[in-house]
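These notes concern the structure reproduced below.
The values are calculated or read from the model by the stated rules, or taken from the named source; none is laboratory data. All figures in this text were calculated on a predicted structure; none of them were measured in a lab. Neighbour counts are summed over all protein chains in view; Cβ atoms, including those assigned to glycine, are modelled from backbone coordinates with ideal geometry.
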Amino acid sequence: MNRFSQWLGFKPNSSKKVPKGWETKLAKLEAEADNAPLGFRGQPLNQAGDLCLKAGDHARALQYYGRAIDALLQDEHPEVARGVASKIIRIHPGAIRTLYTLTWLDLAALHMASALTHLREYTEAAKRGEQTNRAADAIVEMAKLVREHEFLNAAGDALGRLGFDNLADRVHTWAADGGSPDAIDDDDEFRTQCIRAAIGSNA
């Protein structure tokens, strides 16, 4: 089973068969992904996920989408990976690890409005999934890099909702100071570090 399916708690749906002919198409897309040169491995996996989704096999679609994100990030296509991650959230809105990855990719793309939305959703999903310690560490790592005042305050509020008041106070102090001592000013370096974190989230 793919790592994304494990994180999401899905198992392949053996009770629902993919319509005749889909297995052959999926096998061809698998082979295409295996044989594709660097930079082109994610597209056939994404297409395989779309096929499964149309067939109503959501668990299998999530497996393919998770593999597509891995490949796209490794092939340095973070914006496309961000789009695939958004598909997972539409299927399974409470996908904790995907929301984590998606928040990093939003930050990398400097889409702060989306980053704020996904940070909030990640925080709530982590609370429901009893992953508050991991989420707190992740949010602090995000806050260390960001100078954007609204995101830092939102990160501090998120930490407070998770029950980490000391960390919340620290991040709110960074917001008041214009960023942490490790905050990154250069957009290219900031993007690189956020993408690296997103890749690490799938390791």
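Assorted remarks:
- Evaluation of residue 183 against (1) in a helix (DSSP H, G or I); (2) modelled with pLDDT of 95 or more; (3) crowded, with 16+ Cβ neighbours inside 10 Å; (4) of a type outside the set (Lys, Arg) (one fails), failing number: (1)
- Helices (runs of 4 or more DSSP H) enclosed by the range 1-75 - at least 1 residues per element that are at pLDDT 80 or above and outside the structural domain of residue 197 (by TED's automatic domain parsing): 22-35, 42-54, 58-74
- Of the numbered criteria (1) without any contact (Cβ under 8 Å) to a residue 40 or more places away in the chain; (2) surrounded by fewer than 19 Cβ atoms within 10 Å (Cβ to Cβ); (3) closer than 30 Å to residue 71 by Cβ, the one residue 139 fails is (2).
- Complete set of residues in the range 162-180 that are under 20 Å from residue 118 (Cα atoms) and either assigned by TED's automatic domain parsing to the domain that holds residue 82 or not in a helix (DSSP H, G or I) (or both): 162, 163, 164
- Enumeration of residues in the range 79-123 that are touching a Leu at 6+ places or on another chain (Cβ under 9 Å) and among the charged types (D, E, K, R): 79, 82, 87, 97, 106, 121
- If you go through the range 92-109 and keep only what is farther than 14 Å from residue 198 by Cβ and either in contact with a strand residue (DSSP E or B) (Cβ under 8 Å, 6 or more places away or on another chain) or outside any helix (DSSP H, G or I) (or both), you end up with 92, 93, 94, 95.
- Residue 109 being of a type in the set (A, V, I, L, M, F, W, C) and not assigned by TED's automatic domain parsing to the domain that holds residue 150: no
- Scanning the range 48-91 for residues that are surrounded by fewer than 20 Cβ atoms within 10 Å (Cβ to Cβ), farther than 23 Å from residue 195 by Cα and not aliphatic (A, V, I, L, M) yields 50, 54, 56, 58.
- Flag for residue 200 being assigned to a helix (DSSP H, G or I), assigned by TED's automatic domain parsing to the domain that holds residue 104, surrounded by fewer than 17 Cβ atoms within 10 Å (Cβ to Cβ) and not basic (Lys, Arg): yes
- Exactly one residue out of 168, 175, 154, 126 is closer than 22 Å to residue 92 by Cβ and either in contact with a Ser or Thr (Cβ under 6 Å, 6 or more places away or on another chain) or modelled with pLDDT of 95 or more (or both): that is 126.
- Residue satisfying condition, being closer than 24 Å to residue 186 by Cβ, within 16 Å of the chain's Cα centre (by Cα) and modelled with pLDDT under 95, within set 141, 79: 79
- Within the range 160-180, the set of residues being surrounded by 15 or more Cβ atoms within 10 Å (Cβ to Cβ) and among the hydroxyl-bearing types (Ser, Thr, Tyr) comprises just one member, 180.
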